[in-house]
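The values are calculated or read from the model by the stated rules, or taken from the named source; none is laboratory data. Predicted model, so just to flag it, every value in this text is computed and none were measured. Glycine also receives a Cβ, built like all others from the backbone with ideal geometry; neighbour counts cover every protein chain displayed. The accessibility values were calculated without ligands, DNA or RNA, using every heavy atom of the protein model including side chains. Shrake-Rupley method; radii C 1.70, N 1.55, O 1.52, S 1.80 Å.
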Protein chains: 4
Amino acid sequence: MRLQVPIAKEGVEATVRAVAKTKEEPGAELVEVDPPTPGPGEVLVRVAAASICGTDIHIYNWDEWARSRIRVPQILGHEHAGYIEEVGPEVHHFHPGDYVTAETHIYCGQCYLCHTGAAHICRNLEILGVDRDGTFAEYLVVPESVLWKNDPALPPKVATVMEPFGNSVHVVMRADVPAKTVAITGDGPTGLLAAGVARAAGAASIWLSGLLDARLEMAEALGAHATINAAHDDPVEVVRRGTDGLGADVVLEMSGSPVAIEQALEMVRPGGRIVAFGIPSRPLTLNMADVVFKEVQVLGVVGRRIFSTWHEAARFLPHVDVARVVTDTYPLDEWQLGMERAVRREAVKVVLYPGGQ
Amino acid sequence: MRLQVPIAKEGVEATVRAVAKTKEEPGAELVEVDPPTPGPGEVLVRVAAASICGTDIHIYNWDEWARSRIRVPQILGHEHAGYIEEVGPEVHHFHPGDYVTAETHIYCGQCYLCHTGAAHICRNLEILGVDRDGTFAEYLVVPESVLWKNDPALPPKVATVMEPFGNSVHVVMRADVPAKTVAITGDGPTGLLAAGVARAAGAASIWLSGLLDARLEMAEALGAHATINAAHDDPVEVVRRGTDGLGADVVLEMSGSPVAIEQALEMVRPGGRIVAFGIPSRPLTLNMADVVFKEVQVLGVVGRRIFSTWHEAARFLPHVDVARVVTDTYPLDEWQLGMERAVRREAVKVVLYPGGQ
Amino acid sequence: MRLQVPIAKEGVEATVRAVAKTKEEPGAELVEVDPPTPGPGEVLVRVAAASICGTDIHIYNWDEWARSRIRVPQILGHEHAGYIEEVGPEVHHFHPGDYVTAETHIYCGQCYLCHTGAAHICRNLEILGVDRDGTFAEYLVVPESVLWKNDPALPPKVATVMEPFGNSVHVVMRADVPAKTVAITGDGPTGLLAAGVARAAGAASIWLSGLLDARLEMAEALGAHATINAAHDDPVEVVRRGTDGLGADVVLEMSGSPVAIEQALEMVRPGGRIVAFGIPSRPLTLNMADVVFKEVQVLGVVGRRIFSTWHEAARFLPHVDVARVVTDTYPLDEWQLGMERAVRREAVKVVLYPGGQ
Amino acid sequence: MRLQVPIAKEGVEATVRAVAKTKEEPGAELVEVDPPTPGPGEVLVRVAAASICGTDIHIYNWDEWARSRIRVPQILGHEHAGYIEEVGPEVHHFHPGDYVTAETHIYCGQCYLCHTGAAHICRNLEILGVDRDGTFAEYLVVPESVLWKNDPALPPKVATVMEPFGNSVHVVMRADVPAKTVAITGDGPTGLLAAGVARAAGAASIWLSGLLDARLEMAEALGAHATINAAHDDPVEVVRRGTDGLGADVVLEMSGSPVAIEQALEMVRPGGRIVAFGIPSRPLTLNMADVVFKEVQVLGVVGRRIFSTWHEAARFLPHVDVARVVTDTYPLDEWQLGMERAVRREAVKVVLYPGGQ
């Protein structure tokens, strides 16, 4: 990212507005920067919608992880949808005007993990908005290799959510839910969407535990059969009672909360599976003997499979009300309103419109 | 178990010698008891060989777990091999004289877990030597449903090890090792045998880390390509160096040591699998974020699949030098010598001969 | 089966009415027989409902397969639901009055296949109505080991269909359908129910091809997104057109028709899966090179997993309108009306009420 | 391929010698052609060794399949190893001098199959020596995306066999052989190598059936526990006898012979798996009812997974004596001697040295 200093308001052609972290401290600011240029194998995307994810909040808050990983100046954001404005040399499959969302994990294609079907955990991964300039901007450069063509009928505010929706799809597909009892811990956007995907994928019963009643209602609207406000009721007890004391076949841990992870291990049945997606902020205490004695499988899941999960997500779209999690939309100028609402968990998913609504 | 008091030395017909925990305190003693009688669906086994397992040591030492689980008086032991002496009513498939080893997890056959192929973690499990009288005795009663017919060519001192060997087979089969790099943490009998099974099952490279040089030599004799004395070298570093910095495809955690579990998570490659068999004595601290970010699978494994694992174990027998782990044999009278050698880790696997050698 | 000759109309206590094949020729007849007595481990079931399956039609028609397999006299039928009237000795988990359906594959529990989770293809299998007296009778003896407790709320006419419903569930679970495109060939009861299960299990699109418009309508009511009358349209072409020319991810072959099997291979996508459940009456010509070049998986499926599939089926019950396939019900006396309607494919699933409606 | 006419013998710089099909009739000829030039993303490889595969024989013989698929003029061959001579623009990961073998299936990277981990059956596949100029030539152009870096210690005559060795690895890995009984039908190079891989991967017993005693001896040297000359003995009977009448857990069908495919279905146990790699030249008659009743899995397998199988193959290399199947080596000029020996099955694997030995 090359900052324009002083910021010359010359219009889109000359400069590009973006939300960037410019100093090693909490916060971010709206800046104007030189328009990026697509190199060989790259395209320039005009961003129609971008959405705020937990990762962006970590960076905004400048927490321990962010301090260790982020180099300033850096444009924030990775979730997005937009239109190809320009293609660089050696781009073979995409064209100006294509309506796209990019997988935000840019992979090398040559390492052992890329070679063996795990490009989303590539050894040389670059993540948009983390390792290179992100999507909270009017324009964005990404390699063709991570582009996904959206259905033109999909509104940008839903297309930008394809990425976290893909997280939820990845989690549910690893859990193998048809005819299974499923407990979900966490009421963030990926937890809520996981309830919707689990329902669409044939789960026999779905409990979702969280802390905010409004989100629990949303979970039921999306497909949970029952919800548990963990501030008032014990999720372990509720799930056990609903499974004849056995525990759930599958637990989707979507919160990263140490308490929820402990509950996940208690509420999963012997021989059951925990899919762990939430990221705890520090090492936690785990009753590992239970993992062994109960013969539990704990599957860590991150990102999405490139592009298997994208195809699955596209196929689940008609069956899951993804738009429901988008509670807030703002023009780029008002990004900070949205960010603050996300930080305070008042908004579920905040969408920014860099080109205006 | 019904104790004979006073102990009348009348011979095998009248009483049966056994090693039992008779008081709620450390230790055990040789006692004489009434011979057990097989009920419907049960058989009486004359024990030819029995072997000492970590579980027996916990009970002998009367640790926290033992205090919470064991009711005295209780005959110890679960590993064994012997000959059917007598069959009770409604026994249909076994006969006096059959040379057998019993799966030590007695399952109900009716619960959800038994119904779905997981009888070894049955909701109503009874374990020999833990929940009912065990195998450190001249005679033993077990239900027909857990009997396994041994190859007559197999010496009792190996047949009694079929049960921990089955643990190792179960672990390796869950790990899916052909063409994989495999790290094993732990130099107990199941860890050592796991090295042998992993080698027989086509692992590309096998590292085993432990603390006792004699056992590390045994690991190499059994099939490990390399060993690491964790007192002197860092297993994580050695495994990473041997895998181009990537980490091992699979880690078999066979120790239960918190340090080893932490190492397992560090030495497994992204997308890799940890099979957790060792049982830590208390909750431990785990960097769960690594499980997620590295998309690691942690599979708890306990016991053996009934009887899939037994068939697999029988097929691996010609390819793994199981007898090598039997370092000590004693007549039943001298059980305490063996137990003390096991407690001090001087012996690897101790075999007792209730009928004399 | 011991025939009562001459038939003494003494009431239920003295004799039992049953539909039996008594001569080695087409047809069957209503007979009265001695009431069966449960031996050790067995129960006597008063049959509340029994239903007609394709196997019964083969036996009724006395086709080549039936001539080679059936020994007369033999009571027909295997699908059923009823109440335990009496328990024999050594029955531990069921009681008089229990509302049950029996898995119709009686397994030995001791062979390699029983030992390794495949009891439904046991080497010593006995099938109700094929190898021993069946369910088209007022009373029936079955071993406790195959009993399944029904939900009391389930009407007998649905509970008797649990067995073919289980076939459909087994097929769909082997196909792994969430987010998949699914083509089903065959409009018999198991094909129709498979459409319902595939929908409940999250299939992205479901085509069902058959020959009878009334059944195709039923398929759509049960969950198929589209149907194809193979007499008028080419299923291969329709499925390809609906999958961008690629073919379906999964084909469920539920007819046994050679033409449909050929179509299945043409309509499945490269890398896709065919689950083969329909049984062709003779060897057929297959383009095996396509199996290889397209890297297709062909999975034969028979019966149901004992009891995994039963649990899954119970969990799918609220989501699939199983009752819809029961088009005809008759008292046992009028069994032949039902059989003839089934033979002519006018009825979908015929239920008989041995105790009257 | 642009033929040089008249052929000007100007040396390697000016023209390139190659074995090509130039007329739509049986045979092939040594020609001189313009040296190929690598385009963007492509490299020029100097071929050190190339080997003859069954596909080449089909094309040489100009059989029905070849007539339908091949357009002349066309340079033959796909198996090879060589050195990068020159890299085109936009080549990022390979350099002149690299010692490489190319995966011979050139994939598009954009279709549904490439997107979902099945690039080896890409919808837009181009195969070397089939759809574009092949490897029986001094120089070859291939895209960087299919290059595999060989271990420098591997002689070219083994490195060229990595491709069929990869077939065998792919087959065995789909079969999941540890502790399994394995029957292999077919004594061609991939069948023989499959015996070696199955042994290395932990198969409990391996039978290989074929027609040539010399090859059966080679099979035993590579790892088969027993071999069957199908001209004299019935493989089905031998395998059944060796498996207590049950049949083999897994059958690897490596011949494409209709008789062998029928045998495979008879010799596989109920619930077992057939991996079908051999390609029958025409549709064949199959007892599909057996596939269903025995619940057999038939998995078609073609090519190799890109690059999972290559990594696995590299890891199996130290454990399988691949060089043993190379029975014949010739300079390119004498290609026809080798081809004729291959056609008559006198040679197992024929290696050509375009640069001389």
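See the values below:
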item: Meets criteria (in the same structural domain as D:ALA248 (by TED's automatic domain parsing), crowded, with 24+ Cβ neighbours inside 10 Å and more than 24 Å from C:VAL298 (Cα to Cα)) for D:GLY210; result: yes
item: Count of the range B:327-337 residues which are part of a helix (DSSP H, G or I) and surrounded by fewer than 22 Cβ atoms within 10 Å (Cβ to Cβ); result: 5
item: Tabulated pairs, the range D:119-131, first more than 14 Å from every other protein chain (Cβ to nearest Cβ), second among the aromatic types (Phe, Trp, Tyr) and open to solvent by less than 30 Å² (accessible area, probe 1.4 Å), C-beta under 8 angstrom, 6+ apart or interchain; result: D:GLY129/D:PHE136
item: Selected residue [open to solvent by less than 10 Å² (accessible area, probe 1.4 Å), out of contact with any Phe, Trp or Tyr (no Cβ under 8 Å at 6 or more places or on another chain), within 23 Å of C:ALA314 (Cα to Cα) and within 11 Å of another protein chain (Cβ to nearest Cβ)] from A:ALA179, A:ALA175, A:ALA201, A:ALA195; result: A:ALA175
item: Filter result (touching a residue at least 12 places away in the same chain (Cβ under 8 Å), farther than 17 Å from B:THR160 by Cβ and open to solvent by less than 20 Å² (accessible area, probe 1.4 Å)) within the range B:83-117; result: B:GLY88, B:PHE94, B:ILE106, B:CYS111
item: Filter result for A:ASP244 (open to solvent by 50 Å² or more (accessible area, probe 1.4 Å), within 14 Å of chain C (Cβ to nearest Cβ) and assigned to a loop (DSSP other than H, G, I, E, B)); result: yes
item: Within the range C:261-274, considering residues that are part of a strand (DSSP E or B) and among the small types (Gly, Ala, Ser), the one nearest to the other protein chains (Cβ to nearest Cβ); result: C:GLY271
item: Answer from B:ARG2, B:ARG69 - the residue that is within 14 Å of another protein chain (Cβ to nearest Cβ) and modelled with pLDDT under 95; result: B:ARG69
item: Residue selected from the range D:150-209 under the condition in a loop (DSSP other than H, G, I, E, B) and of a type in the set (A, V, I, L, M), by the criterion farthest from D:THR227 (Cα to Cα); result: D:ALA153
item: Cβ-Cβ under 9 Å pairs, at least 6 apart or on other chains, the range A:275-297 side facing chain B (nearest Cβ under 7 Å), far side assigned to a strand (DSSP E or B) and hydroxyl-bearing (Ser, Thr, Tyr); result: A:PRO283/B:THR285; A:LEU284/B:THR285; A:THR285/B:THR285; A:LEU286/B:THR285
item: Residue in the range B:142-158 that is on the phi > 0 side of the Ramachandran plot and either within 14 Å of chain D (Cβ to nearest Cβ) or surrounded by 21 or more Cβ atoms within 10 Å (Cβ to Cβ) (or both) present; result: no
item: Among residues of the range D:40-72, those that are touching a residue at least 60 places away in the same chain (Cβ under 8 Å) and either farther than 28 Å from D:GLY256 by Cβ or of a type outside the set (S, T, N, Q) (or both), counted; result: 22
item: Every residue from the range A:266-285 that is surrounded by fewer than 22 Cβ atoms within 10 Å (Cβ to Cβ) and closer than 26 Å to A:PRO164 by Cα; result: A:ILE279, A:PRO280, A:SER281, A:ARG282, A:PRO283, A:LEU284
item: Residues (without any contact (Cβ under 8 Å) to a residue 40 or more places away in the chain, open to solvent by 20 Å² or more (accessible area, probe 1.4 Å) and either outside any loop (DSSP other than H, G, I, E, B) or farther than 26 Å from A:LEU147 by Cα (or both)) located in the range A:28-39; result: A:GLU29
item: Where a residue in the range D:200-225 is within 20 Å of D:GLY278 (Cα to Cα) and its partner, wherever it lies, is of a type in the set (Phe, Trp, Tyr), with Cβ under 9 Å and at least six apart; result: D:ALA224/D:TRP207
item: All positions within the range D:345-357 that are over 18 Å from the mean Cα position of the chain (by Cα) and open to solvent by 30 Å² or more (accessible area, probe 1.4 Å); result: D:GLY355, D:GLY356, D:GLN357
item: Residue within the range A:159-174 that is under 15 Å from the mean Cα position of the chain (by Cα) and of a type in the set (Phe, Trp, Tyr) present; result: yes
item: Hits in the range A:300-326 (condition: within 8 Å of another protein chain (Cβ to nearest Cβ), part of a helix (DSSP H, G or I) and either open to solvent by 40 Å² or more (accessible area, probe 1.4 Å) or in contact (Cβ under 8 Å) with a residue 12 or more places away in the chain (or both)); result: A:TRP310, A:GLU312, A:ARG315, A:PHE316, A:HIS319
item: Sole residue being over 22 Å from B:VAL19 (Cβ atoms) and at the interface with another protein chain (Cβ under 9 Å from one of its Cβ atoms), chosen from B:THR185, B:THR116; result: B:THR116
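Residue by residue, here is whether (1) in the same structural domain as A:GLU144 (by TED's automatic domain parsing); (2) in contact with a strand residue (DSSP E or B) (Cβ under 9 Å, 6 or more places away or on another chain); (3) hydrophobic (A, V, I, L, M, F, W, C) holds:
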residue: A:PRO36; (1), (2), (3): yes, yes, no
residue: A:ALA50; (1), (2), (3): yes, yes, yes
residue: A:ILE59; (1), (2), (3): yes, yes, yes
residue: A:ASP63; (1), (2), (3): yes, no, no
residue: A:ILE84; (1), (2), (3): yes, yes, yes
residue: A:VAL87; (1), (2), (3): yes, yes, yes
residue: A:PHE94; (1), (2), (3): yes, yes, yes
